[in-house]
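What follows is one structure encoded as structure tokens, with my remarks underneath.
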Amino acid sequence: QVQLVESGGGLAQAGGSLRLSCAASGRTLSGYGMGWFRQAPGKEREFVSAITWTGGSTTYADSVKGRFTISRDNAKNTVYLQMSILKPEDPAVYYCVADLGRVGTNPHGIQYWGKGTQVTVSP
């Protein structure tokens with residue numbers, strides 16, 4: 001089993017930045033891709049970003065491309081999401097995920113989920 005614990009959420013101003021962290025524990029994540037999804041009230045859960053085990057490949061939703069950066073530190077079993085130029089449409093609960101191989105853009109079937117961290121953006 002893998003436990004994922006997110007941190008770093010909170011309140012930021014529009015145009016500002018936040019960095020989310022996700023610490024994994026329970027087993028080695030060798031070969032596991034990791035990523036982030038988000039869900040705003042009344043909306044479907046949506047893909048944000050993903051990164052492969054080696055960090056050599058990253059993917060982003062069009063809505064965050066150029067503003068968000070995903071990275072990981074395998075020595076610390078941690079994945080990060082640096083969010084910049086925050087917009088009014090970014091507030092949501094952000095979920096960290098892990099899956100063997102690559103994390104896809106479809107939330108269904110992803111093996112491990114964190115409990116989420118709230119991101120709020122003020123005007």
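The values are calculated or read from the model by the stated rules, or taken from the named source; none is laboratory data. Quick caveat, the model's predicted, so the values are computed rather than measured. A quick note on method: Cβ atoms are made from the backbone with ideal geometry, for glycine too, and the neighbour counts reach across all protein chains shown. These accessible areas exclude ligands, DNA and RNA; they are computed on the full protein's heavy atoms, side chains included. Shrake-Rupley method; radii C 1.70, N 1.55, O 1.52, S 1.80 Å.
Residues of the stretch 27-49 that are hydrophobic (A, V, I, L, M, F, W, C) and touching a Lys or Arg at 6+ places or on another chain (Cβ under 7 Å): Met34, Phe37, Val48. The residue that is surrounded by the fewest Cβ atoms within 10 Å (Cβ to Cβ), among those in the stretch 81-104 that are within 12 Å of the chain's Cα centre (by Cα) and either β-branched (Val, Ile, Thr) or part of a loop (DSSP other than H, G, I, E, B) (or both), is Val93.
Here the strands (runs of 3 or more DSSP E) wholly within the stretch 1-76 that include at least 3 residues being open to solvent by less than 50 Å² (accessible area, probe 1.4 Å), within 20 Å of Gly104 (Cα to Cα) and without any contact (Cβ under 8 Å) to a residue 60 or more places away in the chain are 46-51, 68-73.
Residue count for the stretch 112-123 under the criterion of being open to solvent by 80 Å² or more (accessible area, probe 1.4 Å) and either in contact with a Phe, Trp or Tyr (Cβ under 7 Å, 6 or more places away or on another chain) or modelled with pLDDT under 95 (or both): the result is 1. Across the stretch 58-72, the number of residues qualifying as in contact with a Lys or Arg (Cβ under 9 Å, 6 or more places away or on another chain) and within 19 Å of Tyr112 (Cβ to Cβ) comes to 1.
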